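Only one structure is covered here, and it is reproduced in the block below.
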Amino acid sequence: MLVMFLFLWKSSNYYLLVTAGIIFGICYGSQLIMFPTIMGNYYGAKVFAGINGVTGRTLIVFAASVPMGSGYIFENMGSYDMAIIIVSVFIGIGFLSSLFLAPPKS
């Protein structure tokens, strides 16, 4: 997803943008399936709803702040480049953090 995000940022060919957009969409859509599954595997069915409720609200706050923050950066810098770099860093940190997850224990 990070590679496609950066590719969308720097690509100028229409067909490459469409291809990258499709791949990015598949990656983003797969998160909607994987995230609840991973939460259920790690924490179990008893606390799944509570954890999903807390993380859902937190994700909404961050998802709403990114467009506003990007707009603020654009207004002050005249470009979305810094916003894309910041989001890319957070995606990269999330990816690296996921590499250190231990598998759930039964």
Would you point out which residue out of I86, I93, I73 is surrounded by 11 or more Cβ atoms within 10 Å (Cβ to Cβ), more than 24 Å from G44 (Cβ to Cβ), free of Cβ contacts under 8 Å to residues at least 60 places away in the same chain and under 13 Å from the mean Cα position of the chain (by Cα)? I86
When A20 is evaluated against the numbered criteria (1) touching a residue at least 12 places away in the same chain (Cβ under 8 Å); (2) among the small types (G, A, S); (3) not in a helix (DSSP H, G or I), which criterion, by number, is the only one it fails? (3)
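Computed from the coordinates by the stated procedures, all read-outs in this text should not be read as laboratory data. Since this is a predicted model, take the numbers as computed values, not measurements. Here the Cβ is made from the backbone with ideal geometry for all residues, glycine too, and neighbour counts use every protein chain on show.
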